[in-house]
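Take this structure first; my questions come after.
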Ligand SMILES: [Mn+2]
């Protein structure tokens, strides 16, 4: 029995299944969570399937969350998708569930769950859920809306099939989803468009990002900048990959001021491995896309110096 068979067998044993994903969700978090939810609702209409966590402005067009109480976890199965470690799980009480399953594509720094299914070769958790569905098509069904959700997740985590995580398998999964009936062009447009104030911030990013001679980039969005563009942390995720458009950029870090004076730190790379650096600063993630935290400006400066060393070593080896 392979691991997806074990997952299906466990799902069959439970009447209530509560699906969680990570905090500050992106389209892959919502897509894999709600896409799996659609598969389970369509395939097992008698089961109670709930989506846990906060409903997120800006992504609520994909799916809205259910209100889940502690009582719902009595004898329930919790499935946690796209979430590397338990502190990042959105929604409380998952630890009250009778059993847990982890399904994720981030490095398995914290294995958890009665079943822990991690595939770091997958572009996205939505790709893994699509594969799960395809492997068990004889027993599972997928609605058009479920296909849309999973497709949104793959598009989100691959930057519309641009990032290096995109494999032949990714494209096979995406192709299978496109067999369903949904408006993929409209979905792509929706995922790719930003409000005017964010478009103005795009301009600021290109004006102000600096690169050293090896292509290590840095951009600071301090509280004055955040105020000037009238944006909060949750709204700036779409700028993180922008410096990648610059030919000379190899890897970059973006610091985003938080209300409490600390900084959220984003790392992206075209080659140098940056997740070990993220781990040094209370973060982690993928080798080419990670996040961390900095307590003050001094720590942001230290992070950029460390990034410069990584990029220089990569370029000169
Ligand atoms: Mn993901």
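Throughout, read-outs are computed from the coordinates displayed, never taken from laboratory work. Predicted model, so just to flag it, every value in this text is computed and none were measured. So basically every Cβ, Gly included, is an ideal-geometry build from the backbone, and we count neighbours across all protein chains shown.
Can you tell me the 0 to 90 degree angle between the C-alpha axis of helix 27-43 and the longest principal axis of the chain, rounded to 10?
10 degrees
Return the calculated 222 nm mean residue ellipticity for the chain, to the nearest 500 deg cm²/dmol, obtained by summing -39500 (n - 2.57) across DSSP H runs with n ≥ 4 and dividing by the residue count.
Only helices count here, giving -11500 deg cm²/dmol.
At a Förster radius of 35 Å, what calculated FRET efficiency corresponds to the Cβ-Cβ distance of residue 86 and residue 213, to the nearest 0.05?
0.25
Hey, fewest Cβ within 10 Å first, where do 312, 172 land in order?
Neighbour counts put them in this order, fewest first: 172, 312.
Could you put 228, 102, 41 in order, starting from the residue whose Cβ has the fewest other Cβ atoms within 10 Å?
Arranged by neighbour count, lowest to highest, 228, 102, 41 become 228, 41, 102.
Follow-up. Hey, what D do you get for the chain in µm²/s if you plug the Kirkwood alpha-carbon radius into Stokes-Einstein at 10 °C and 1.306 mPa s?
Result for D is 78 µm²/s.
With both partners inside segment 20-115, how many of the DSSP beta bridges are antiparallel, as a percent to the nearest 5?
Just about 10 percent of them are antiparallel.
Arranged from highest to lowest average of other beta-carbon atoms within 10 Å per residue, in what order do the peptides 267-275, 67-75, 281-289, 105-113 appear?
267-275, 281-289, 105-113, 67-75
Most exposed first by the Cβ proxy, i.e. fewest other Cβ within 10 Å, how do 151, 163 rank?
With the fewest neighbours first, 151, 163 line up as 163, 151.
Any idea what angle helix 3-13 forms with the longest principal axis of the chain, computed on alpha-carbon atoms, 0 to 90 degrees, nearest 10?
It works out to around 50 degrees.
From largest to smallest, what semi-axes in whole angstrom does segment 45-143 give when each is the square root of 5 times an eigenvalue of its alpha carbon gyration tensor?
Values: eigenvalues 82, 64, 52 Å².
Rounded to whole Å, the semi-axes are 20, 18, 16.
What do you get for the angle between helix 196-208 and the principal long axis of the chain? Use alpha-carbon atoms, 0 to 90 degrees, nearest ten.
Around 40 degrees separate the two axes.
Here's a follow-up. Relative contact order, percent, of the chain when contacts are C-alpha pairs under 8 Å separated by at least 6 residues?
Averaging sequence separation for qualifying contacts and normalising by length gives 13 percent for the chain.
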